Amino acid sequence: MREEAIMKTFIAGLPKVELHLHIEGSLEPELMFALAERNKIAIPYKNPDEVRQAYKFHNLQSFLDIYYQGAGVLINEQDFFDLTWAYLEHCHQDNVVHTEIFFDPQTHTDRGIAFETVINGIHRALEQGKEQWGITSRIIMCFLRHLDEESAFETLAQALPYKDKIIGVGLDSSEVGHPPQKFKRVFAQAIEHGFLTVAHAGEEGPAQNIIDALKLLKTTRIDHGIRCIDDEALMRQLIENRTPLTVCPLSNTCLKVFEVMAQHTIVELLRKGLCVTINSDDPAYFGGYMNDNFNAVAEAHPLTEQEIAQFSLNAIEASFISDKEKQRLSTQVHTYLDAFLKDSGKDQSARR
Ligand code: ADE
Ligand code: ZN
């Protein structure tokens, strides 16, 4: 087998953990059409292919405009179940064993959809995914940063009855012009209620947003964070603290954060000792789920199996599961890696 095919096989079988996935961003055009019909909602496309044609983005905002429009077909609890279930089918196919997913309550509550409808649909699907395939999960709700602080506070209040289903709060949407400090008070209140915190920072915005998200929002991991490379002191801090970055390679090239995958810095960050992970962000919009993201990185950057496995080990370390669960999943990864290297004659003993 050629090296590229070997890596593809290795990636396909590697147990993976996803930490950066917007459930609304997993809405495939086919499901969008089916839901539009079911809910009698007009959409400005004739067929799923036409929807895909519209997915030509030049920056984050050009994507967000289309993404929020797409979410308009989600109305009933069953729609949120179907959306989440379709994503879990991809997890099962891609050997994703644990996933921590985002949802954007305000995208739905602002259209008159009850918070309860959204969370119950998502949660029911995740429970079924655990039962049927053993895929474990957590739910994180994100505040839309282009909306005001008051709306975020209202959303936090709406979430309180569902605290048992939501592990943390996050911050997403348009980064430029909406820095972390805008949400300092609402994040402080979320922490008081026992939520963990994460935030998108340093995707399109500057390294300072990463510094501020860590300091002002007390986030335990950073979503994207790739602009950290511009600030040496920050880099040293991230390495020392093993602060996780949930990097999304295909998203970054689709939104022109990097022109091509060969320019992506994820491998450089990995080799410098940062806790970087690979994630799909909005797979229905950016051309691929977890395996596609791993393959895209491995095709553009020569990596060893150990390095690819390190992305999985980093994600396990960065996840919100118990230490015992982390241990169990890390053992799975090490067992898989060792067996693969042995079978392909690349392990140390075979070389002697
Ligand atoms: N919402 C969905 N995807 C996003 C991204 N990549 N950045 C910010 N907000 C988002
Ligand atoms: Zn994201």
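Among the helices (runs of 4 or more DSSP H) lying completely within region 190-260, list those that include at least 1 residues that are within 16 Å of ligand 2 (Cβ to nearest atom).
Values: elements: 207-216, 232-241, 249-254.
So the answer is 207-216, 249-254.
GLU307 fulfils the conditions (1) in contact (Cβ under 8 Å) with a residue 40 or more places away in the chain; (2) surrounded by 18 or more Cβ atoms within 10 Å (Cβ to Cβ) except for a single criterion, (2).
For region 164-206, a residue qualifies if it is under 15 Å from PRO244 (Cα atoms) and aliphatic (A, V, I, L, M), and the qualifying residues are LEU196, VAL198, ALA199, ALA201.
For region 44-78, a residue qualifies if it is more than 16 Å from ligand 1 (Cβ to nearest atom), aliphatic (A, V, I, L, M) and within 28 Å of ARG124 (Cβ to Cβ), and the qualifying residues are VAL51, VAL73, ILE75.
Let's see how each residue does on (1) under 16 Å from ALA213 (Cβ atoms); (2) buried (at least 20 other Cβ atoms within 10 Å of the Cβ):
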{"position": "ARG124", "(1), (2)": "no, no"}
{"position": "GLY129", "(1), (2)": "no, yes"}
{"position": "GLY134", "(1), (2)": "no, no"}
{"position": "ARG138", "(1), (2)": "no, no"}
{"position": "MET141", "(1), (2)": "no, yes"}
{"position": "ASP148", "(1), (2)": "no, no"}
{"position": "PRO161", "(1), (2)": "no, no"}
{"position": "LYS165", "(1), (2)": "no, no"}
{"position": "SER174", "(1), (2)": "yes, no"}
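Residue pairs whose Cβ atoms lie under 9 Å apart, separated by 6 or more positions or on different chains, with the first residue in region 156-178 and among the hydroxyl-bearing types (Ser, Thr, Tyr) and the second away from ligand 1 (no atom under 16 Å from the Cβ) and at pLDDT 95 or above, are TYR162/PHE115; TYR162/GLU116; TYR162/ILE119; TYR162/ASN120; TYR162/HIS123. Among the residues making up region 324-341, those that are under 18 Å from ILE6 (Cβ atoms) and surrounded by fewer than 18 Cβ atoms within 10 Å (Cβ to Cβ) are ASP338, ALA339.
Scanning region 80-89 for residues that are touching a residue at least 12 places away in the same chain (Cβ under 8 Å) and surrounded by fewer than 22 Cβ atoms within 10 Å (Cβ to Cβ) turns up PHE81, ASP82, TRP85, ALA86.
If the condition is being over 19 Å from THR84 (Cβ atoms), in contact with a helix residue (DSSP H, G or I) (Cβ under 8 Å, 6 or more places away or on another chain) and in a loop (DSSP other than H, G, I, E, B), then region 279-320 contributes GLY287, HIS301, LEU303.
Of all the numbered requirements in (1) out of contact with any helix residue (DSSP H, G or I) (no Cβ under 6 Å at 6 or more places or on another chain); (2) surrounded by 16 or more Cβ atoms within 10 Å (Cβ to Cβ), GLU77 misses one, and that requirement is (1).
Taking region 92-120 as the range and being acidic (Asp, Glu) and either in contact with a Pro (Cβ under 6 Å, 6 or more places away or on another chain) or under 27 Å from ARG328 (Cβ atoms) (or both) as the test, the residues that pass are ASP94, GLU100. The single condition among (1) within 18 Å of the chain's Cα centre (by Cα); (2) under 20 Å from TYR289 (Cβ atoms) that THR107 does not satisfy is (2).
The values are calculated or read from the model by the stated rules, or taken from the named source; none is laboratory data. Predicted model only: the values in this text are computed from it and were never measured. So basically every Cβ, Gly included, is an ideal-geometry build from the backbone, and we count neighbours across all protein chains shown.
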